[in-house]
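The values are calculated or read from the model by the stated rules, or taken from the named source; none is laboratory data. Remember, predicted model here, so these are calculated numbers, not experimental data. When we count neighbours, we look across all protein chains shown, and the Cβ atoms used for this are built from the backbone with ideal geometry, even at glycine.
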Amino acid sequence: MLKGRHLIEPGDFEIDEIESIMQLADKIIANPEDYSMVCKGKLLASLFYEPSTRTRFSFEAAMLRLGGQLIGFDDPNTSSVSKGESLGDTIKTIGCYADIAVIRHPREGTAKLVSQYADEMPIINAGDGGHEHPTQTLTDILTIRNYKGGCNNHVVGVCGDLLFGRTIHSLVKTLNRYENIRFVFISPKELKMPEHILTYLSPDCYTETNNLDEVIGDLDILYMSRVQRERFVNEEEYLRLKNYYILDKKKMKKAKQDMIVMHPLPRVNEIAQEVDDDSRAVYFKQAKMGMYVRMALIAKLLGVEDKND
C-alpha cells in the first residue's frame with residue numbers, strides 16, 4: 001500500500017495508512033528481533049543539510065536495527081553541494097546507489113522538490129525549514145496512542161513557538177483528522193499559530209491564549225516546544241521570548257493526573273529538569289518511539305514489512 005511512496009507531509013498518507021504504520025510499529029516494539037533483517041541488502045541515504053540529533057540518529061538506528069546499511073552526510077560542506085552541484089543532480093546520483101533517502105533542509109519545500117528527481121527511490125522529509133516534519137508527527141501519534149489509548153477525544157494544548165514550529169504545524173494538521181479533538185494554542189502574540197494552519201481548522205475546535213496556568217488543568221496532552229533561535233532574524237527578539245514559558249512542578253500541580261507532557265526536543269529552558277521525574281513527562285520515551293515508527297515507515301516504503309529471513 002505504501003511501497004515506493006514519498007512522505008513529504010503527513011497529508012500524503014490517509015489516516016488508515018498512518019494507522020497501518022502504527023500497527024507495524026507496535027509489532028516491532030513487541031518483537032524487534034522478528035524485524036532485525038527485513039532490510040538486509042538495502043541502503044538508506046541520510047542527507048542532513050541542517051543540524052540534527054534525534055531525527056538523524058533515530059533514522060540511522062532504525063535502518064541498522066532493520067538490518068540495512070547507511071550512506072550520507074550530516075554536513076553539506078563535505079558533499080558536492082559545496083562545489084555548486086544542484087539538489088536535483090545530487091538526488092539523481094544518490095538514486096543510483098541507495099534504495100531510500102531521508103533529507104533535512106533549512107529551506108521550505110526542498111523535500112518536495114527533490115522528490116521530483118528521485119525516480120523510484122522513496123524520499124522521506126526529515127524537516128524542511130519551518131514547513132513540515134512528518135516523521136516527528138508519526139512519532140507523536142505513536143506516543144499518544146501508547147500513552148493515551150488512541151488519538152480521538154482529547155484536549156491538546158500546544159505551547160511555545162507556534163509560528164515557526166514545523167513539528168507543531170504537522171501535528172495539528174494531522175490530529176485535526178481524528179475525532180473530537182480540541183486544541184488550545186498557547187503562545188505570546190509574536191509567536192501565534194500562523195493563519196495558513198488555522199485555515200485547516202474549524203473555528204469551534206480551537207482557542208488561543210497566552211496564559212498556560214489558566215488552561216493547563218483542562219488538557220489531556222500538553223505539547224511543549226522551544227523558541228527556535230535559528231528561525232529568528234532579530235537576536236534581541238529571540239532573547240526576549242525564549243523563556244516566555246517554563247513548565248515546572250508548580251504548574252504541573254494544576255494539571256490532570258493522566259495528562260501527558262510531550263516535547264519534540266531539544267529543549268532549552270521551557271521544561272524545568274525537575275519535571276523529568278514526573279510520570280506524566282513522556283518526552284524521552286517519545287524520542288524512543290521515534291526510532292520504532294521510523295523502522296515501520298522504512299519497512300513500509302520499501303515493501304519489506306512481511307519479509308521473513
| field | Glu132 vs. criteria crowded, with 23+ Cβ neighbours inside 10 Å, under 18 Å from the mean Cα position of the chain (by Cα), of a type in the set (Asp, Glu) and not in a helix (DSSP H, G or I) | value | yes
| query | When both residues are 6+ apart or on different chains and their Cβ atoms are under 6 Å apart, which pairs have a first residue that lies in the stretch 244-260 and is on the phi < 0 side of the Ramachandran plot and among the charged types (D, E, K, R), and a second that is in a loop (DSSP other than H, G, I, E, B) and surrounded by 15 or more Cβ atoms within 10 Å (Cβ to Cβ)? | reply | Asp248/Ala272
| field | Count of the stretch 49-100 residues which are modelled with pLDDT under 90 and either acidic (Asp, Glu) or closer than 29 Å to Arg267 by Cα (or both) | value | 14
| Which condition breaks for Ile123 when tested against (1) in the same structural domain as Leu219 (by TED's automatic domain parsing); (2) surrounded by 23 or more Cβ atoms within 10 Å (Cβ to Cβ)? | (1)
| field | Condition broken by Asp258, with the remaining ones in (1) modelled with pLDDT of 95 or more; (2) part of a loop (DSSP other than H, G, I, E, B); (3) surrounded by 13 or more Cβ atoms within 10 Å (Cβ to Cβ) satisfied | value | (3)
| said: I need a count of the residues in the stretch 140-185 that are of a type in the set (Lys, Arg) and more than 21 Å from Asp218 (Cβ to Cβ). | reply: 4
| note | Only unsatisfied item for Ile216, checking (1) over 18 Å from the mean Cα position of the chain (by Cα); (2) farther than 18 Å from Asp258 by Cα, is (2)
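Output the residues belonging to the stretch 263-295 that are of a type outside the set (Gly, Ala, Ser), part of a loop (DSSP other than H, G, I, E, B) and at negative phi.
The answer is His263, Pro264, Pro266, Arg267, Val268, Asn269, Glu270, Asp276, Asp277, Asp278, Arg280, Val282.
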| note | Flagged in the stretch 1-17 as part of a helix (DSSP H, G or I) and surrounded by fewer than 20 Cβ atoms within 10 Å (Cβ to Cβ), in numbering order, are Gly11, Asp12, Ile15, Asp16, Glu17
| task | Test Glu9 against the criterion of being among the acidic types (Asp, Glu) and at pLDDT below 95, and give yes or no. | result | yes
